[in-house]
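Take a look at the structure set out below.
The values are calculated or read from the model by the stated rules, or taken from the named source; none is laboratory data. Because the structure is predicted, anything quoted here is derived from the model rather than measured. All Cβ positions, glycine included, derive from the backbone under ideal geometry; neighbour counts span all protein chains shown. Side chains are part of the model used for accessible areas, which takes the heavy atoms of the whole protein and leaves out ligands, DNA and RNA. Shrake-Rupley method; radii C 1.70, N 1.55, O 1.52, S 1.80 Å.
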Amino acid sequence: MIKQELPELEEKSIYVIREAKLKFKKIAALWSMGKDSTTMLALTRKAFLGKVPFPVIHIDNSIDFPETYQFRQELADKWNLDLIVAKSEIKPDMVGSACCGKNKPEALKKVMAEYGFDALIVSIRRDEHGVRAKERYMSPRDKNWKWDYKNQVAELWDDYTSKLDTKGHVRVHPLLDWNEIDIWRYVRQERVPVNPLYFSRNGYRYRSLGCTHCTVPLKSNAKSVDDIIKELEVTKDEERGGRSMDKEREYAMLRLRALGYM
Amino acid sequence: MEVKNISLLGHKDHGKSTLIGSLLMQTGAATKVRIKEAEEYSTKLGKPFEPAFILDSFTEEREQEMTYDTTRAEIKYKDIALSLIDVPGHEELIKNMISGASYGEVALLLVSANKDEGIRDQTKRHLFISRMLGIDKLVVAVNKMDTVSYDEKRFDEIRDGLSGFIEKIGFRRSDVRYVPISAYNGENLVERSRFMKWYRAKPLIDEVYDFASRNEKQMESALRMIVQGVIPSESGELVVGRIISGRLHVSEAVKALPAGFSSKISEITVKGKRVRSAKMGENVAVKLAKSIKIEMRGSIISSAADAPKLTDSVKSKIFVTGRIGGRMSIKFNGSDIPCRAVKVLYGINPATGEEKSAKEVKPLDAVEAELLLSRKLPVERYKDTKELGRFVLYSGKEFVGIGTVV
């Protein structure tokens with residue numbers, strides 16, 4: 001996995017996060033308590049002198065891991081986050097796109113409408129999935145939340161100011177250029193707090209975190225951030241290998257994203 | 001590791017996605033899952049293995065065998081990473097191509113050697129746009145050499161057919177390389193091909209590497225900072241933005257244009273730390289000595305002694321993607337300013353070289369025109385300060401052109 005220059009990645013992300021905050025009237029960020037969105041918050045604190053100047057939304061289907069809830073509380077207190085919990089309803093047997101493609105977007109839609117958010121920071125990365133690699137830094141969703149990926153707006157140079165459809169909302173992707181290993185190197189460098197589920201227990205760890213229904217741990221002995229970085233230096237497995245919804249059928253991710261999944 | 005952006009250009013079906021797929025496999029960068037997925041999909045369509053499927057991820061892309069939007073793939077090579085930006089080659093997708101190519105530093109152009117393909121209008125148009133966007137290093141990969149029995153004469157024919165055009169649009173001869181390859185068979189990509197012993201230079205990836213790893217020395221230049229806006233802080237309002245050239249120092253006398261607001265820098269913060277000075281590429285938060293009375297977003301901060309000139313008349317080169325004329329607006333550093341074209345000096349079809357009058361200009365042509373802006377802006381020539389010399393033109397919500405200031 002390619003390691004990039006962290007100072008450059010940091011500058012780029014800070015620029016995009018500031019641009020988003022200053023461009024849109026009412027912006028929020030999605031926070032799943034995972035490594036990526038927590039890193040995004042750490043970058044936001046750098047951009048805004050120690051503050052996170054917008055609300056963070058957790059889409060909560062009540063079946064996240066106990067560790068995740070605890071981590072949410074601890075960091076929300078420590079970083080003084082304006083946390084919005086968007087409750088999504090879930091039935092016991094619901095898995096995969098029935099939940100992530102429908103339930104979670106529904107809950108998010110409700111919260112977005114209630115607060116009138118016109119932009120949403122989402123911490124996806126290009127290297128996660130081929131479809132995510134097609135995203136732009138700022139990517140409009142129409143009023144039905146559709147992503148018109150065949151007719152994306154021109155995004156030239158680092159001017160993320162192309163005309164956007166105002167009826168829907170805009171997804172902002174400040175971490176698009178980061179690779180998984182860069183996130184972990186940044187976590188190490190900046191001592192970004194992370195969910196303990198990422199570290200190996202009894203020979204298994206979570207490499208990508210979703211909720212309890214759809215995420216399975218992978219075989220790993222990585223017990224520290226250093227171990228994780230070493231593991232990623234040599235792995236040829238995919239990061240989202242433990243996420244069942246990605247495997248359901250071909251193009252699952254494309255369909256999920258078209259439906260509004262993040 | 002430093003990442004260098006490589007824009008992949010070329011007519012549709014000349015093999016861009018196949019090339020990336022093959023390079024990902026030959027350099028060991030493709031994950032097992034991606035290769036397996038591509039294998040399964042090739043089998044499903046009843047075809048031999050298609051390396052392009054490693055890359056094209058949209059359903060439609062695989063079914064119609066075309067790339068819809070820009071995508072990236074990263075390849076580690078020696079001490080750097082090459083980030084290959086795959087842009088669509090189809091005419092109707094040219095604005096996506098422009099978005100992708102605008103991130104490039106080196107361009108890699110594919111031209112098919114196949115007798116029925118060869119140099120096409122789109123080949124030349126892509127070259128023209130990339131040069132206009134400031135790309136100055138070019139590797140031309142003459143692809144599908146397997147379909148012409150790896151014939152040296154066909155390679156020479158394509159090289160000679162293109163070199164005149166390439167130099168005419170402003171590439172220096174020493175900044176251009178020609179490499180014969182077969183992306184599908186993986187010939188001459190990472191290892192030298194045994195079918196093309198007549199070719200004596202390096203395989204493709206080394207030629208790209210040589211350009212990409214070359215570090216051009218940055219010239220010491222005047223301070224320019226693009227202002228994104230103002231944020232509150234405990235010590236008062238801070239101006240935030242990015243330094244695009246030069247250096248910024250505490251206690252320096254500065255000016256914000258176009259408003260013409262002058263003040264002194266009293267504090268500079270970079271990534272949360274207080275510093276005495278900041279350099280090009282850094283995002284800063286700056287406290288000014290005077291309280292801010294103007295709209296800061298979209299302003300340019302420079303040193304008071306060396307400020308850019310304000311102008312409302314912009315002579316520019318424009319690549320046309322829609323209808324130029326009537327009431328338009330110019331997107332320039334976050335500002336959105338109404339403008340109109342007062343004079344189209346000449347129009348040209350960059351693919352054929354055919355000259356046109358203002359009336360005959362169509363999308364995919366290029367023009368040189370004078371724009372009149374509804375207010376004065378700090379505009380500079382593209383060759384002096386890239387960020388202050390390039391813009392996007394809109395007519396309503398429609399993207400109608402990209403331009404550079406001459």
### Query
Taking residue B:265 and the conditions (1) within 11 Å of chain A (Cβ to nearest Cβ); (2) buried (at least 21 other Cβ atoms within 10 Å of the Cβ), which numbered condition does it fall short on, given that it satisfies the others?
(1)
### Message
It is to be established whether one or more residues within segment B:133-150 are part of a helix (DSSP H, G or I), polar (S, T, N, Q) and surrounded by fewer than 23 Cβ atoms within 10 Å (Cβ to Cβ).
### Response
yes
### Query
Only one residue in B:233, B:251, B:193 is more than 21 Å from the chain's Cα centre (by Cα) and within 14 Å of chain A (Cβ to nearest Cβ), so which one is that?
B:233
### Message
Tell me whether segment A:24-37 contains one or more residues that are free of Cβ contacts under 8 Å to residues at least 40 places away in the same chain and either touching a helix residue (DSSP H, G or I) at 6+ places or on another chain (Cβ under 7 Å) or open to solvent by 20 Å² or more (accessible area, probe 1.4 Å) (or both).
### Response
no
### Task
Output the residue which, of all residues in segment A:171-210 that are among the basic types (Lys, Arg) and more than 14 Å from every other protein chain (Cβ to nearest Cβ), is nearest to residue A:3 (Cα to Cα).
A:188
### Task
Consider residue B:313 carefully, then state whether it is among the hydroxyl-bearing types (Ser, Thr, Tyr), in a strand (DSSP E or B), within 21 Å of residue B:386 (Cβ to Cβ) and open to solvent by 20 Å² or more (accessible area, probe 1.4 Å).
yes
### Query
If you scan segment B:316-334, which residues turn out to be within 14 Å of chain A (Cβ to nearest Cβ) and buried (at least 19 other Cβ atoms within 10 Å of the Cβ)?
B:318, B:319, B:320, B:321, B:328, B:329, B:330, B:331, B:332, B:333, B:334
### Contacts under 7 angstrom Cβ, first residue in segment A:103-130 being in contact (Cβ under 8 Å) with a residue 60 or more places away in the chain, partner charged (D, E, K, R) and part of a strand (DSSP E or B), 6 or more apart
A:120/A:171; A:122/A:171
### Query
Looking at (1) within 14 Å of chain A (Cβ to nearest Cβ); (2) modelled with pLDDT of 90 or more; (3) over 30 Å from residue B:248 (Cα atoms), which is the only condition residue B:374 fails?
(1)
### Query
Within segment A:72-106, which residues are at pLDDT 75 or above, hydrophobic (A, V, I, L, M, F, W, C) and under 16 Å from the mean Cα position of the chain (by Cα)?
A:83, A:84, A:85, A:86
#### Entry: Of residues in segment B:12-38 being in a helix (DSSP H, G or I) and more than 13 Å from chain A (Cβ to nearest Cβ), the one farthest from the chain's Cα centre (by Cα)
B:26
### Query
If you go through segment B:337-363 one residue at a time, how many are closer than 15 Å to residue B:403 by Cα, open to solvent by less than 30 Å² (accessible area, probe 1.4 Å) and either modelled with pLDDT under 85 or in contact with a His (Cβ under 6 Å, 6 or more places away or on another chain) (or both)?
1
### Query
So residue A:61 fits all but one of (1) within 18 Å of residue A:187 (Cα to Cα); (2) polar (S, T, N, Q); (3) more than 14 Å from chain B (Cβ to nearest Cβ); (4) touching a helix residue (DSSP H, G or I) at 6+ places or on another chain (Cβ under 8 Å); what number is the exception?
(1)
### So residue B:139, is it closer than 13 Å to residue B:7 by Cα and either touching a strand residue (DSSP E or B) at 6+ places or on another chain (Cβ under 8 Å) or modelled with pLDDT of 90 or more (or both)
yes
